[in-house]
Structure formats: structure tokens, C-alpha cells
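Asks: Before anything else, here's the structure in question.
The values are calculated or read from the model by the stated rules, or taken from the named source; none is laboratory data. These numbers come from a predicted model, not from an experiment. FYI the Cβ positions are ideal-geometry reconstructions off the backbone, even for glycines, and counts take in every protein chain you see. Only protein heavy atoms, including side chains, enter the accessible area calculation; ligands, DNA and RNA are left aside. Shrake-Rupley method; radii C 1.70, N 1.55, O 1.52, S 1.80 Å.
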Amino acid sequence: MEKPIVVSAEDYKLVFYHSPAAKLLISTDAPHYTIIDVNEAYNLSTNTTREFLLGQPVFGAFPANPSDNDSKNIERTIFSFEQAIRTKKAHTMYNYRYDIPVPGKPGEFEERYWTTSNTPVMDDAGNVKFLIHSPLNVTEIIKLSEKEKQSAEALLRQREQLYSIFMQAPVGIGIFLGPEYRVELINQPLCDLYGSTFDEMINKPVFEILTHAKGLGFEELLDNVRDTGIPFIGEGLAVPLVRKGQLETVYVNFVYEPFRENDGTITGVIGIAIEVTNQVIIKQQLQVSEQRLSLAIASSNQGVWDLDLTTGNIERSLKYAEIFGDNEPSNQWTIDDVWNHIFPDDLKKVKDVFSASQLSGKLNIEFRIVLPGGKIRWVHVVGESLAETESQHQRMLGTIQDITQRKDMEKQKDEFISIVSHELKTPITSLKAYGQIVEKRLATLEDKTSYSMIKKMSENISRLTTLVQDLVDVTRIENNKLQFRISDFSFNELVKDVAEEIGRIYPEHQIIIENKSEVIIHNDRERTEQVIRNLVSNAIKYSPGADKVIIHITRENDKMICSIEDFGIGISPEQQPYVFERFYQAADHKANPFPGLGLGLYICRQIIDRQGGTISVKSELNKGSVFTITLPLDNFN
């Protein structure tokens with residue numbers, strides 16, 4: 001037989017001293033529990049030295065943290081010692097807090113959590129002579145668990161907040177998943193639009209409820225958005241719906257946006273809808289009125305004209321052509337032809353009045369024209385400028401009447417009929433703010449998974465907010481219902497507030513304000529702030545390689561000038577003339593990684609124009625852009 005291996009006392013010491021597990025040999029001399037020996041792992045785990053610990057009472061070497069009144073760590077440790085001694089079996093304490101002193105800093109403690117076993121060591125008589133105290137540092141595990149708990153609670157709160165915001169939105173919003181477009185979530189305004197209750201809609205394929213809308217092409221629109229990821233915008237589309245037991249034709253403005261999961265996969269469609277039935281009916285009535293007006297004008301002694309202010313081309317009626325001595329209205333006619341027919345003495349006056357009408361939008365003038373053959377006649381021209389909603393070209397429409405033999409002309413009867421739009425509810429501007437606040441809170445918890453989920457949810461809510469706000473503003477602009485609340489306010493303070501707000505959202509960018517003048521302005525503060533916020537946000541959005549935006553504020557005579565300068569991707573010269581047009585987007589998507597609906601700058605221009613100001617852009621590719629607005633200090637019309 002092989003001889004048994006004899007392990008000496010020195011060998012046992014080596015095992016004890018060099019064990020990777022922290023160990024402390026303690027005497028059972030309660031209440032002192034004197035430290036007899038300690039290994040290297042224990043010194044490393046507790047930031048102590050062998051010389052400091054040997055011979056000390058364990059609670060003298062590790063006193064309680066006076067700021068920790070809840071852990072009762074000394075009482076729990078004494079209880080564990082007593083249990084091990086009484087039962088002669090190892091006793092373990094799990095995940096308890098016991099802070100350790102910070103070396104060299106009296107009175108300071110480092111927060112620690114431990115799982116500790118106290119194992120009895122017997123003498124030959126079977127009595128407990130020593131305790132082996134072996135703590136395992138589980139601080140990181142405990143803190144990680146707390147963070148996970150906090151993240152889960154924050155995620156739950158965020159979901160509850162987003163759900164509340166979603167359900168309280170003043171416009172119809174729904175989420176439809178899968179090829180059957182099962183209603184995952186729907187708010188009350190959309191239920192009201194569909195003429196159904198929440199319980200009737202939720203978790204059901206939408207076209208099982210909206211049976212009269214089935215087979216009219218809406219399924220194909222949804223399929224295309226879900227398959228391609230390209231949003232669809234519908235304006236004034238007719239939808240047959242059963243509401244209150246009656247089949248109605250309802251007209252809606254709506255947007256279909258792809259619904260993406262966290263990994264980017266498109267699993268459904270987000271629908272946003274606003275009923276515009278009253279608006280469409282008014283437009284239809286307006287078309288009938290226009291037809292009647294055209295018939296009335298055709299039978300009158302007035303000529304009608306439609307001037308494209310961009311090209312100078314004029315579409316004219318037969319009567320218009322006859323007044324100028326031309327019996328063929330289809331002949332090409334331009335503003336230059338008009339200038340060539342004006343009596344020389346009247347030409348300067350007419351051009352001056354016409355130029356002024358480009359600002360006021362109104363034209364009303366009497367002047368003389370020279371017909372072929374030299375005959376001179378007096379005409380009365382009345383016109384009004386407006387924005388063409390489809391081609392987006394600025395136009396002026398009006399009438400012309402020969403007043404040579406008939407000075408006592410009838411009053412103008414073709415007054416332009418204003419389109420009255422349905423007043424939409426207040427835009428949901430708080431959506432984006434809620435998402436950003438919660439996103440910032442989660443960012444401090446160091447939970448990348450939850451933070452990524454919340455960030456994605458916040459981005460989607462932000463996109464919904466922008467879509468709804470822009471859609472409502474454009475509807476109001478189209479119907480001349482954009483409201484203004486006029487007051488005196490500090491433009492400098494407005495810019496400062498916007499810069500601070502956006503600076504919190506984009507801390508990586510520095511927003512510099514150069515105030516050359518203190519400016520008090522008499523206009524709509526909220527609408528002006530909307531413009532500044534849009535321009536500053538765009539400056540940051542399209543400056544991925546830069547870190548600052550400069551806002552210049554100055555005053556010249558009776559107007560304020562504000563320029564927002566960025567150092568980003570810039571805008572090509574070919575695109576600059578069109579950036580303020582509705583739905584315009586840069587053609588180069590590689591240069592524009594943040595595509596949208598192209599409504600922001602269009603809305604900015606409409607707001608500034610309606611406050612008697614101007615907005616312009618100067619830009620150079622890969623060097624940046626400067627957007628400049630001017631507003632009158634007073635004299636708002």
C-alpha cells in the first residue's frame with residue numbers, strides 16, 4: 001500500500017494564507033471575537049492589512065457605519081457567530097449590508113454587500129474553538145439587481161405615461177399589426193371617427209369592423225407602407241363608415257407610418273387621422289360657387305385673368321382678350337405684354353402699384369391702355385394674390401373692365417370666397433417633452449437595454465408629435481385659420497429659452513447667442529418661438545459633424561433680424577429656392593439622413609409672412625447654412 005501523504009501544519013498555513021476565498025480566523029471569546037489570523041484574499045477584499053487586524057476584536061476592526069441605521073449588521077453578525085457555535089454547523093448570511101472603513105479617512109465608509117459563512121472549528125473534545133469567517137463581496141451583484149429593478153420600474157412608468165399620452169391625444173391615433181391589421185392600440189378620437197367603441201375595436205382586424213371601407217384600396221395602401229416602409233399621406237379622402245347606425249361618407253386627412261419593432265422590423269402601421277368632412281363640403285360648395293361665378297362673369301362685361309407671379313404667364317378670358325383688342329384668348333399672354341400696352345404716362349405708376357401689391361396681396365388701379373391701331377381706352381384692374389395649394393406657385397387672380405364708356409361700373413362681384421376650415425384641437429406638443437424627460441432619466445441608470453428601448457419609443461412618439469403638429473398647422477394654413485395672439489415680448493429672452501430647452505436635448509452641441517441689440521417685439525410669441533425652435537433644431541439635426549450653432553440677434557431701424565448659423569452639410573444652390581415649399585425634401589438622401597414630411601420650413605415661412613416679416617437662406621455644401629428672419633418691431637397686420 002502507498003503511504004498516506006502527510007500534510008504538515010506549515011502546509012495547512014500555506015493553504016489558508018493563499019486561498020482565493022477570503023478567510024478570517026476568529027476566537028470564540030464573545031463578545032470580543034478576537035481576530036487570530038487572516039489570509040491575503042481577506043485583506044484585499046476589505047482594504048486592510050494583516051498587521052492592523054491581528055489581535056483586534058472583530059467589531060473593533062470593523063465598526064458599524066453611523067450613517068447606516070437600517071442594516072443592523074453587527075447584530076446580524078453576532079447572531080450568525082452564536083448560531084455556528086451553538087449548532088456546531090456552518091451558518092451563512094446572504095446579501096446583507098456591512099460597510100467597511102476607508103483606509104486613511106477616519107469616519108468614512110465604503111458601501112459593501114456580502115454573503116458570509118461562519119464555519120466552526122472543533123477541538124479534540126468536540127467543542128468549538130475557532131470560527132472561520134469567510135465573506136464573499138456581492139456588492140456589484142446587489143447594485144446591478146437594484147438598477148435592474150429601478151429600470152424595470154422606470155420602464156413600467158414610461159409605458160404607463162406613453163399609454164396615457166396616446167389615449168389622450170386630441171387626434172385619432174391607432175396601431176395596426178400584422179397582415180390582417182389587428183388593432184393593437186387605438187385612442188378615443190379614432191374610435192369616435194370610426195363610430196365604434198374601444199372594446200369593439202381592440203384586438204380585432206380593423207376591416208372586420210370597418211366593413212364598408214373594405215375593398216376600397218385602403219388595404220393596398222396599408223400593405224405598401226408595411227412592405228416598403230414608405231409613409232403615405234392622404235388628404236380629403238372619402239371613407240364610408242357606419243356611425244350611430246347610419247352609413248356616412250366621411251372625409252379624412254390621414255397619415256400611415258410604418259410601425260417598427262426595436263430591431264427595426266416593420267410589423268404593422270401607425271395611423272393618424274383627422275376628420276375634415278366639413279372642410280371638404282365647404283370646398284365642394286366653393287367649387288359650385290366658382291362655377292356659378294364663372295358663368296356670371298362670362299355674361300358680364302368683365303374680363304378675368306390669372307397671373308403666375310413666378311413665370312409671368314397670364315391665363316385670360318375672352319372678354320379680357322377683347323378689351324386688349326385680341327379676339328383669341330388662347331394666344332400666349334404675359335405680364336410683359338401688359339406693360340407694352342400701357343399708355344406711356346401711366347406705366348411707372350402701374351408698375352409701382354403692382355410692386356406694392358406683392359407685399360399687400362391687393363391690386364386695385366385704373367389706367368389707360370393703347371390698343372393696336374393707337375386707340376386709347378381706360379380699364380379698371382382689380383386683383384388679389386394667393387398661394388396655389390397644388391402647384392405651390394404664388395398667383396394673383398383678378399378682373400379687368402373697360403370703363404371708357406361706362407364710368408359708373410357695378411361694384412365688384414367676384415370677391416374671393418375664403419375657405420372656412422374645421423378648427424382643430426390644440427396640437428399635442430407635450431408628447432415629445434415627456435419622451436425626452438424619461439429618456440434622460442433612464443440614461444443615468446446605466447441600463448443600455450432599457451435605455452435603448454425607451455429611446456426608440458421616445459423617437460417614435462417624437463415623430464408622431466411632429467407629424468400631428470405639422471399636419472394640423474398645414475391644415476390651418478391652407479384654410480387661412482392660423483391664429484395669432486399679439487403681445488409685446490423680449491425676443492432675446494425667447495431665443496434664450498429655446499436655446500436652453502434644445503441644449504438640454506442635445507448636450508453635445510453648443511448653442512451660442514450673440515446679442516448685438518436688446519429687442520422688444522410686438523408679435524405672436526408662441527408662433528415666433530415655434531419658428532426659432534424649428535430652425536435651431538434643424539441646424540443641429542443637419543450638423544452631424546459639427547458641435548455648435550450660432551444665433552445672431554440685431555436691430556435695424558424698425559425691424560429685428562435674427563440669423564441661425566450652422567456648420568453642417570449645407571444645401572445645394574439648386575435646392576435652396578425650394579426649401580420653403582410644402583412637402584419639399586432634398587433629393588440626395590445620403591446627404592439628408594433625417595428625412596421628414598418637408599413641412600417644417602413651409603410652416604416657418606407661413607408664420608413669418610403672416611407677421612409681416614421675411615425668411616431666407618444662404619448655404620454652401622459641406623460648410624453650413626444661415627437662415628435669416630426679419631420681423632417688424634411693431635405694425636403687425
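Asks: Got a number for the accessible area of Glu40? Probe 1.4 Å, square angstrom, nearest 10.
Replies: 100 Å²
Asks: Would you pull out the residues with amide H under 5 Å of Phe343's amide H, same chain only if 5 or more places away, H placed 1.01 Å from N?
Replies: Those lying under 5 Å, H to H, from Phe343 are Arg368, Ile369, Val370.
Asks: Assuming a viscosity of 0.692 mPa s and a temperature of 37 °C, what translational diffusion coefficient in µm² per second does Stokes-Einstein assign to segment 23-163, Rh being the Kirkwood radius over Cα pairs? Could you put the intermediate results ahead of the total?
Replies: On the way: Rh = 16.7 Å.
Rounded, D is 197 µm²/s.
Asks: Can I ask one more? If each residue of separation counts as 0.36 nm, what is the full-extension length gain between Phe232 and Glu526 once their alpha-carbon separation is subtracted?
Replies: Values: separation 294, 0.36 × 294 = 105.84 nm, distance 2.98 nm.
Roughly 102.9 nm would be gained on extension.
Asks: With a/c under 1.5 counting as rounded, go ahead and sort segment 137-269 into rounded, prolate or oblate using the C-alpha gyration tensor (a ≥ b ≥ c being the square roots of the eigenvalues; past the cut-off, prolate if a/b is larger than b/c, else oblate).
Replies: Working: a/c = 3.02, a/b = 2.08, b/c = 1.45.
It is prolate, given that a/c is not under 1.5 and a/b is the larger ratio.
Asks: Taking R0 as 41 Å, what FRET efficiency do you get between Ser490 and Asn262 from their Cβ-Cβ distance, rounded to the nearest 0.05?
Replies: On the way: r = 44 Å, r/R0 = 1.06.
Once rounded, the FRET efficiency stands at 0.40.
Asks: What full-extension length gain, to one decimal in nm, is calculated for Asn47 and Glu200 as 0.36 nm per residue of separation minus the Cα-Cα distance?
Replies: Details: separation 153, 0.36 × 153 = 55.08 nm, distance 6.52 nm.
Stretched out fully, the Asn47 to Glu200 stretch lengthens by 48.6 nm.
Asks: To continue, here is another question. Take the residue pairs Lys349/Lys559; Lys23/Lys129; Lys541/Lys623; Lys496/Lys559 and return only those whose Cα atoms are more than 21 Å apart. Don't skip to the answer; put the middle values down first.
Replies: Details: Lys349/Lys559 28 Å; Lys23/Lys129 16 Å; Lys541/Lys623 14 Å; Lys496/Lys559 19 Å.
Pairs exceeding 21 Å: Lys349/Lys559.
Asks: Report, in debye and to the nearest 20, how large the dipole of segment 222-310 comes out about its Cα centre when Lys and Arg carry +1 and Asp and Glu carry -1 on their Cβ. Show your work: numbers first, answer last.
Replies: Numbers: 6 positive and 11 negative charges, 88 e Å.
About 420 debye.
Asks: While we're on this one: Could you calculate the FRET efficiency of Thr554 with Glu574 from 1/(1 + (r/R0)^6), where r is the beta carbon distance between them and R0 is 22 Å, rounded to 0.05? Working shown, then result.
Replies: Working: r = 30 Å, r/R0 = 1.37.
The computed FRET efficiency comes out at 0.15.
Asks: Each label point is 7 Å from the Cα along the Cα-to-Cβ direction; what then is the distance between the points at Ile365 and Gln161, in nm?
Replies: Output for this residue pair reads 5.9 nm.
Asks: By a straight-distance test (C-alpha under 18 Å), which aspartates and glutamates pair with Lys244 as possible cross-link partners, with residues fewer than eight away in the same chain excluded?
Replies: Partners found: Asp192, Asp199, Glu200, Glu208, Glu275.
Asks: Rounded, prolate or oblate: pick one for segment 301-385, where a ≥ b ≥ c are the square roots of the eigenvalues of its C-alpha gyration tensor, a/c under 1.5 means rounded, and failing that, prolate if a/b is larger than b/c, else oblate. Each step should come with its number before you reach the end.
Replies: Numbers: a/c = 1.65, a/b = 1.19, b/c = 1.39.
Oblate, since a/c reaches 1.5 and b/c is not below a/b.
Asks: Top to bottom by accessible area (1.4 Å), largest first, where do Ser19, Ser357 land? Mind dumping the intermediate values first?
Replies: Values: Ser19 20, Ser357 0 Å².
Reading off the accessible areas and sorting them downward yields Ser19, Ser357.
Asks: Say R0 is 56 Å: what FRET efficiency, to the nearest 0.05, do Asn515 and Ser355 get from their beta-carbon distance? Please list the in-between numbers first.
Replies: Numbers: r = 34 Å, r/R0 = 0.62.
The formula returns an efficiency of 0.95 here.
Asks: Taking H as built 1.01 Å from N, whose amide H comes closer than 5 Å to the amide H of Phe259, not counting residues under 5 places away?
Replies: Thr267, Gly268, Val269, Ile270
Asks: Let me check something: with ligands and nucleic acids excluded, how do Ser196, Ser616 order by accessible area (1.4 Å probe), largest to smallest? Write down the numbers at each step before the final one.
Replies: On the way: Ser196 20, Ser616 60 Å².
Ranked from most to least accessible, the order is Ser616, Ser196.
Asks: Enumerate the amide H contacts of Ile511 below 5 Å, restricted to partners 5 or more residues apart or on another chain; note that Pro and chain-start residues carry no placed amide H.
Replies: Val549
Asks: Go through segment 335-341 residue by residue and turn each phi into a ³J(HN,Hα) via Karplus (6.51, -1.76, 1.60, θ = phi - 60°); whole Hz please, and just put x for glycine and proline.
Replies: After applying 6.51 cos²θ - 1.76 cosθ + 1.60, I find 4, 5, 4, 5, 4, 5, 9 Hz.
Asks: For segment 139-250, report the accessible area per residue in Å² (1.4 Å probe, heavy atoms, rounded to an integer).
Replies: Numbers: 6160 Å² over 112 residues.
Dividing the accessible area of segment 139-250 by its residue count gives 55 Å².
Asks: How much net charge surrounds Gln83 when only the other residues with a Cβ under 12 Å from the Cβ of Gln83 are counted, with Lys and Arg +1 and Asp and Glu -1? Could you put the intermediate results ahead of the total?
Replies: Numbers: positive: Arg76, Arg86, Lys88, Lys89; negative: Glu82.
Summing Lys/Arg as +1 and Asp/Glu as -1 gives +3.
Asks: Still on this structure: At a probe radius of 1.4 Å, what is the per-residue accessible area of Val255, in Å² to the nearest 10?
Replies: 0 Å²
Asks: Once you put a point 7 Å from the Cα of Asp634 and another 7 Å from the Cα of Asn301, both along the Cβ direction, what distance in nm separates them?
Replies: In this crude spin-label approximation the distance works out to 4.7 nm.
Asks: Another question, if that's okay. Classify segment 21-73 as rounded, prolate or oblate, taking a ≥ b ≥ c as the square roots of the eigenvalues of its Cα gyration tensor: rounded when a/c is under 1.5, otherwise prolate if a/b is larger than b/c and oblate if not.
Replies: Values: a/c = 2.04, a/b = 1.30, b/c = 1.57.
The shape class here is oblate.
Asks: Using a 7 Å offset from the Cα along the Cα-to-Cβ direction at both Ile505 and Leu309, what is the distance between the two label points in nm, to one decimal?
Replies: Distance between label points: 3.2 nm.
Asks: Let me ask you something else. Got a sec? What order do Tyr506, Tyr113 fall in by accessible area at 1.4 Å, biggest, i.e. largest, first?
Replies: Numbers: Tyr506 65, Tyr113 30 Å².
These residues rank, largest area first, as Tyr506, Tyr113.
Asks: For Lys244 and Asn224, compute 0.36 nm times the residue count separating them, minus their Cα-Cα distance, and round to one decimal in nm. Show your work: numbers first, answer last.
Replies: On the way: separation 20, 0.36 × 20 = 7.20 nm, distance 3.16 nm.
Between Lys244 and Asn224, full extension yields 4.0 nm more.
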